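Visitor: Please see the structure below; I have some questions.
The values are calculated or read from the model by the stated rules, or taken from the named source; none is laboratory data. In this text, all values refer to a predicted model and were calculated from it rather than measured experimentally. Cβ sites come from the backbone with ideal geometry, for glycine too, and all protein chains shown count toward neighbours.
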Amino acid sequence: MPMPAVPSPVLTSAGLIGGYAAARATGVRPLGGAVLAGFGAAAFASWKRTSGPATAAALTGVYLGAFGLSHPLAKKIGAWPSVLAVTAATGAAAWAFGERGGAPEQA
């Protein structure tokens, strides 16, 4: 029996929060990047399957943009609030366009 798919907002949240937590806890930034990349790749695969390659590419851009935005935002509101804010925005986009994006494109 196949495992049910993990919703993409869960994947993006795990990548952004888990990546930051891993980097902060260990002091090894590349480890945080690996967590971010791994969950991002899983989210991309989910979006490609459910909403097609164009939506998958756009949402991956949102995910990576959120990671980039979290850094200057952290200087204004703090690290954890920044990570949580961009995670919420990314999760909302993933849900709105990746989970509810309609039927997958036919290959």
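Visitor: Cβ contacts < 7 Å: first residue surrounded by 12 or more Cβ atoms within 10 Å (Cβ to Cβ), restricted to the range 22-33; second residue part of a helix (DSSP H, G or I) and of a type in the set (Val, Ile, Thr), any location; separation 6+ or different chain. Result?
Guide: Within 7 Å, the pairs are ALA22/VAL35.
Visitor: From the set of residues in the range 53-80 that are polar (S, T, N, Q) and within 18 Å of PRO7 (Cα to Cα), which is farthest from the chain's Cα centre (by Cα)?
Guide: By that ranking, first place goes to THR55.
Visitor: So if I check each of ALA14, ALA25, which one is at pLDDT 95 or above, aliphatic (A, V, I, L, M), out of contact with any helix residue (DSSP H, G or I) (no Cβ under 7 Å at 6 or more places or on another chain) and part of a helix (DSSP H, G or I)?
Guide: ALA25
Visitor: Given the criterion buried (at least 18 other Cβ atoms within 10 Å of the Cβ) and either touching a helix residue (DSSP H, G or I) at 6+ places or on another chain (Cβ under 9 Å) or under 14 Å from GLU99 (Cα atoms) (or both), identify the matching residue among ALA74, ALA66, ALA57.
Guide: The match here is ALA66.
Visitor: Among the residues of the range 44-72, how many are among the small types (Gly, Ala, Ser), in a helix (DSSP H, G or I) and either at pLDDT below 95 or farther than 20 Å from SER82 by Cβ (or both)?
Guide: 7
Visitor: Sticking with this one: Exactly one of (1) over 15 Å from GLY91 (Cα atoms); (2) under 12 Å from the mean Cα position of the chain (by Cα) is unmet by SER46. Its number?
Guide: The single condition SER46 does not satisfy is (1).
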